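Readers should treat all values here as calculations from the given coordinates under stated rules, not as data from a laboratory. Given the structure is predicted, the values throughout are model-derived calculations rather than measurements. Reconstructed Cβ throughout: ideal geometry from the backbone, glycine too, with neighbour counts over all protein chains shown.
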Amino acid sequence: MREIWILARRELRSFFNSLMAYMLLVAFLGFSGFFTWISGADIFLVGQASLQSFFGIAYWSLFFFIPGLTMGQLAEENRSGTIELLMTKPVSLWQVITSKFLSTWLLIAIALAFTLPYYITVATLGPIDHGAVWTGYLGLLLMSGAYISIGLFASSISNNQIVGFLLALLIGIMFHILFGILSASFTGIIGGVLNYLSLSTHFESISRGVIDTKDLIYFLSLIVLGLASAEFVMVRKRR
Amino acid sequence: MDILVENLTKVYGSQRAVDNISFRVKTGEVLGFLGPNGAGKTTTMKAITSYLTPTSGEIHVGEYSVTDEAGDVKKQIGYLPEQNPLYGDMPVLDYLKFVAEIQGIKKEHIKSRMLEMVKVCGLEDEKHKKINELSKGYKQRVGLAQAMIHDPEVLILDEPTSGLDPNQIIEIRELIKTIGREKTVILSSHILAEVEATCDRILIINKGQIVADGTANDLRKQAQGQEILKLTIEEGDSNTIFETIKGLDTIDTVDLMDEENRFEIQSKSNMSSRRSIFNMCVEKSWILTEITLVETKLEDIFRELTMK
């Protein structure tokens with residue numbers, strides 16, 4: 001655990017040193033703020049004291065921003081050879097990968113924390129469903145976790161960052177909408193499976209205010225599966 | 001801490017990068033790996049650091065097995081990889097601190113170790129710069145500093161002096177020698193003079209196999225089956241001298257180098273002709289102005305062993 005924290009701290013520092021963190025914060029807050037308050041199906045148009053429109057925007061913007069954060073993380077280690085440096089220090093590959101996961105997750109959590117003023121503002125405007133807001137944030141966090149983990153897996157495959165980015169989007173889009181769309185055209189077991197695989201199904205049910213263990217298990221298994229696959233690929237590369 | 005490598009083999013696809021190598025390095029010994037590109041030096045070193053898993057064979061660092069107790073082994077090893085990968089976006093001091101923490105150095109010692117490494121590796125003026133902004137030589141020093149920061153029992157340096165200027169090369173060689181008195185050091189190099197200057201023992205590897213093992217002098221003796229002398233005799237008829245030398249019973253071949261009575265002679269194996277030549281000159285009253293023993297250069301040994 002101590003090692004993971006040391007590694008994660010380095011990752012976080014490199015996010016902030018490389019302006020990546022600031023770019024994410026500015027882009028995410030600007031994007032979500034614009035569509036939540038100023039344009040489109042914003043809060044004033046909906047006319048309800050609810051953060052649903054924000055969650056809808058964040059659901060999409062995080063989907064695009066996260067691969068940008070993860071694309072280089074393992075690809076760069078492989079390309080520059082720093083992974084060799086880490087692997088000859090007393091840390092395991094699993095610790096390296098989880099530290100990258102945790103630091104990115106923390107960065108997303110910081111970005112989400114900056115949107116808490118939205119919550120406070122809306123809460124002063126009218127009666128808000130506090131439970132739904134918190135579960136909505138939980139849903140965003142879990143979704144981000146899943147995409148970070150997928151992004152790390154994508155980043156482990158090629159030494160090229162762009163490949164990491166596109167591959168993460170490609171895998172992500174399946175969970176994000178494709179499985180959902182496909183499940184509508186199938187019935188029976190296949191439809192059920194596709195519906196269960198669709199990330200949006202689980203995200204919607206959580207952000208509506210229902211925390212179901214089924215959904216938690218879904219997100220956690222996606223996270224673990226992504227990280228384990230990334231480790232598998234990295235081990236294969238070393239031989 | 002001793003390093004024991006037993007029957008190490010590493011196969012990549014159909015290529016045997018390292019083929020059944022066995023050797024032992026003792027504490028207080030500096031071992032130099034020599035060999036042409038692709039001979040298996042780096043692979044062997046990576047296997048010792050546990051970065052690569054051997055196809056077969058056993059490596060022990062001290063009492064720890066590299067395959068089974070990699071965690072313990074890694075704590076004992078300081079490693080400078082060949083490409084010297086570094087996190088370019090980090091300032092030198094931050095980077096050294098990061099490595100020190102990862103190596104599990106106690107918090108209260110971290111600062112003093114960092115400062116010592118900065119001093120030893122000559123990074124005083126560059127310590128606040130980002131690693132990307134450093135020249136190759138300074139990057140190499142950072143690589144050395146991170147390898148030594150936890151005062152490891154075993155140092156593995158893959159081409160430690162590449163990219164350094166001549167002054168720095170000498171400093172680093174001295175440093176390696178000093179460390180090598182108490183610790184175990186393995187280094188690889190293309191530069192033969194460097195290996196000769198720094199290492200107690202030399203291991204020449206070619207095509208994944210050890211082709212020579214010993215001190216620089218051992219290797220010379222091994223290759224130097226026959227003594228070669230250059231001599232110049234002033235005045236006198238070159239033909240007479242030639243014939244007389246040829247008549248000595250220790251001589252194998254004689255060559256007249258040029259008109260000024262310069263000869264290159266090769267003695268029969270395991271014999272020396274220096275005495276008999278001197279005696280011959282005294283007897284004939286020839287004036288011997290030069291007699292030089294031609295040392296087989298390490299370069300020649302290297303070429304001979306690795307061109308096969």
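Quick grid of which residues meet (1) in a loop (DSSP other than H, G, I, E, B); (2) closer than 30 Å to B:Leu157 by Cα; (3) away from chain B (no Cβ under 13 Å):
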residue	(1), (2), (3)
A:Trp60	no, no, yes
A:Arg79	no, yes, no
A:Lys89	yes, yes, no
A:Thr98	no, yes, yes
A:Phe101	no, no, yes
A:Trp105	no, no, yes
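Answer yes or no as to whether B:Tyr79 is among the hydroxyl-bearing types (Ser, Thr, Tyr) and within 30 Å of B:Asn132 (Cβ to Cβ).
On the way: among the hydroxyl-bearing types (Ser, Thr, Tyr): yes; within 30 Å of B:Asn132 (Cβ to Cβ): yes.
Yes; evaluated as a whole, the condition is true for this residue.
Which of the following residues is assigned to a strand (DSSP E or B) and under 16 Å from B:His190 (Cβ atoms): B:Gly32, B:Gly38? Spell out the reasoning first.
Details: B:Gly38 fails: assigned to a strand (DSSP E or B).
B:Gly32 is the lone residue from the list that is assigned to a strand (DSSP E or B) and under 16 Å from B:His190 (Cβ atoms).
Here's the yes/no breakdown for (1) assigned to a loop (DSSP other than H, G, I, E, B); (2) in contact (Cβ under 8 Å) with a residue 40 or more places away in the chain; (3) not acidic (Asp, Glu):
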residue	(1), (2), (3)
B:Leu4	no, yes, yes
B:Lys46	no, no, yes
B:Pro54	yes, yes, yes
B:Glu58	no, yes, no
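In region B:163-193, what residues are in contact (Cβ under 8 Å) with a residue 40 or more places away in the chain, farther than 21 Å from B:Ile3 by Cβ and among the polar types (S, T, N, Q)?
The answer is B:Gln168, and nothing else.
What strands (runs of 3 or more DSSP E), lying completely within region B:198-286, carry at least 2 residues that are of a type outside the set (A, V, I, L, M, F, W, C) and touching a Pro at 6+ places or on another chain (Cβ under 7 Å)?
The strands (runs of 3 or more DSSP E) meeting that bar number zero.
Per-residue answers, yes or no, for (1) among the charged types (D, E, K, R); (2) within 12 Å of chain A (Cβ to nearest Cβ):
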residue: B:Thr67; (1), (2): no, no
residue: B:Asp72; (1), (2): yes, yes
residue: B:Pro85; (1), (2): no, yes
residue: B:Gly104; (1), (2): no, yes
residue: B:Lys127; (1), (2): yes, no
residue: B:Lys130; (1), (2): yes, yes
residue: B:Gln140; (1), (2): no, no
residue: B:Ala145; (1), (2): no, no
residue: B:Val154; (1), (2): no, yes
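Among (1) within 9 Å of chain A (Cβ to nearest Cβ); (2) over 30 Å from B:Glu133 (Cβ atoms); (3) buried (at least 18 other Cβ atoms within 10 Å of the Cβ), where does B:Val99 come up short?
(2)
Those residues that are surrounded by fewer than 18 Cβ atoms within 10 Å (Cβ to Cβ) and in contact (Cβ under 8 Å) with a residue 60 or more places away in the chain, I need them from region B:60-74; list them, please.
B:Gly62
Scan region A:1-47 for residues that are away from every other protein chain (no Cβ under 14 Å) and crowded, with 19+ Cβ neighbours inside 10 Å and jot them down.
Selection gives A:Leu24, A:Phe28, A:Ser32, A:Phe35, A:Thr36, A:Ile43.
State the number of residues belonging to region A:100-147 that are touching a helix residue (DSSP H, G or I) at 6+ places or on another chain (Cβ under 7 Å), of a type outside the set (A, V, I, L, M) and either under 18 Å from A:Ser207 (Cα atoms) or without any contact (Cβ under 8 Å) to a residue 60 or more places away in the chain (or both).
11
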